[in-house]
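Following: one structure in structure tokens, then a few remarks.
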Amino acid sequence: MLKIEHLGIAVKSLSDSIPLFEQLLNTPCYKQEAVEHEGVETAFFATGENKIELLQANKPDSAIAKFLEKKGEGIHHVAFEVENIEAEMKRLTVLGFEVLQEKPKRGADNKLICFLHPKTTNGMLIELCQEIVE
Ligand code: CMX
């Protein structure tokens, strides 16, 4: 793993939380992007080497809607940047981690992503991400 790429934070309302995080971090939100297949709307902030991703549910049956209902607002996942996501998925599967996708999928902010089930990572949802170079 190269570094923590971002922290994902589940929020009820981006229109309330974007100004709050702009004040908190003293930096503007640099991108808002919907990820249809995840049922989320995202908002990104640059914080040095890392980023903060706010996640608002766009669909009632989405992972974020379920998370908010069960746990409320707060840290939803930690994303690690990797050099080769498919190799990392294979490495972790062999070690017994539950990788939630067979193939990486396209995520927000120009990334290939996949998730590891929190039940195999001490209760923390982990995302792997690799920059898409086009
Ligand atoms: N962090 C820690 N634990 C989590 C969690 C999270 N973010 N989300 C769910 N869980 C836990 C639940 O609390 C529950 O634990 P218990 O069995 O102890 O009660 C367990 O995982 C199962 O949760 P669930 O609500 O029944 O939800 P599902 O099994 O339907 O799904 C998960 C859980 C992690 C497999 C699903 O949320 C998933 O596939 N997540 C990956 C995709 C995702 O999160 N997308 C949104 C972000 C997209 C983006 O960043 O762009």
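Each value in this text was obtained by applying a stated rule to the coordinates, not by laboratory testing. In this text the structure is predicted, and so the values were computed from the model without any measurement. Note that each Cβ is placed from the backbone with ideal geometry, even for glycine, and that neighbours are counted across all protein chains shown.
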Counting only strands (runs of 3 or more DSSP E) wholly inside the range 1-51, the ones holding at least 2 residues that are surrounded by 16 or more Cβ atoms within 10 Å (Cβ to Cβ) are 3-10, 40-47
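Scanning for something among the aromatic types (Phe, Trp, Tyr) and more than 7 Å from the ligand (Cβ to nearest atom), does the range 107-124 turn up at least one residue? Can you show your working first?
Of the range 107-124, the ones among the aromatic types (Phe, Trp, Tyr) are 115.
Okay, now just the ones that are also more than 7 Å from the ligand (Cβ to nearest atom), so none.
No, every residue in the range 107-124 fails to be among the aromatic types (Phe, Trp, Tyr) and more than 7 Å from the ligand (Cβ to nearest atom).
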Scanning the range 106-121 for residues that are surrounded by 15 or more Cβ atoms within 10 Å (Cβ to Cβ) and not hydroxyl-bearing (Ser, Thr, Tyr) gives GLY107, ALA108, ASP109, LYS111, LEU112, ILE113, CYS114, PHE115, LEU116
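Any idea which residue in the range 62-89 is farthest from the ligand (Cβ to nearest atom), counting only those that are assigned to a strand (DSSP E or B) and surrounded by fewer than 19 Cβ atoms within 10 Å (Cβ to Cβ)? Quick ask: steps written out before the conclusion?
We begin by selecting, within the range 62-89, every residue assigned to a strand (DSSP E or B); these are 74-81.
Next, from what is left, pick out any that are surrounded by fewer than 19 Cβ atoms within 10 Å (Cβ to Cβ): 74-75, 78, 80.
Working: GLY74: 9, ILE75: 8, VAL78: 9, PHE80: 13 Å.
If we take residues in the range 62-89 being assigned to a strand (DSSP E or B) and surrounded by fewer than 19 Cβ atoms within 10 Å (Cβ to Cβ), then PHE80 is farthest from the ligand (Cβ to nearest atom).
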Note on GLY96: of the conditions (1) away from the ligand (no atom under 14 Å from the Cβ); (2) assigned to a loop (DSSP other than H, G, I, E, B); (3) in contact (Cβ under 8 Å) with a residue 40 or more places away in the chain, unmet is (3)
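Yes/no per residue for (1) at positive phi; (2) not aliphatic (A, V, I, L, M):
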site	(1), (2)
PHE80	no, yes
ASN84	no, yes
LEU92	no, no
LYS103	no, yes
ALA108	no, no
PHE115	no, yes
THR120	no, yes
GLY123	yes, yes
LEU128	no, no
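Output the residues belonging to the range 104-120 that are part of a loop (DSSP other than H, G, I, E, B), in contact with a Phe, Trp or Tyr (Cβ under 7 Å, 6 or more places away or on another chain) and polar (S, T, N, Q).
First, the residues of the range 104-120 that are part of a loop (DSSP other than H, G, I, E, B): 104, 108-110, 117.
Of the ones still in play, those that are also in contact with a Phe, Trp or Tyr (Cβ under 7 Å, 6 or more places away or on another chain) are 109.
Listed by number, the list is empty, since nothing qualifies.
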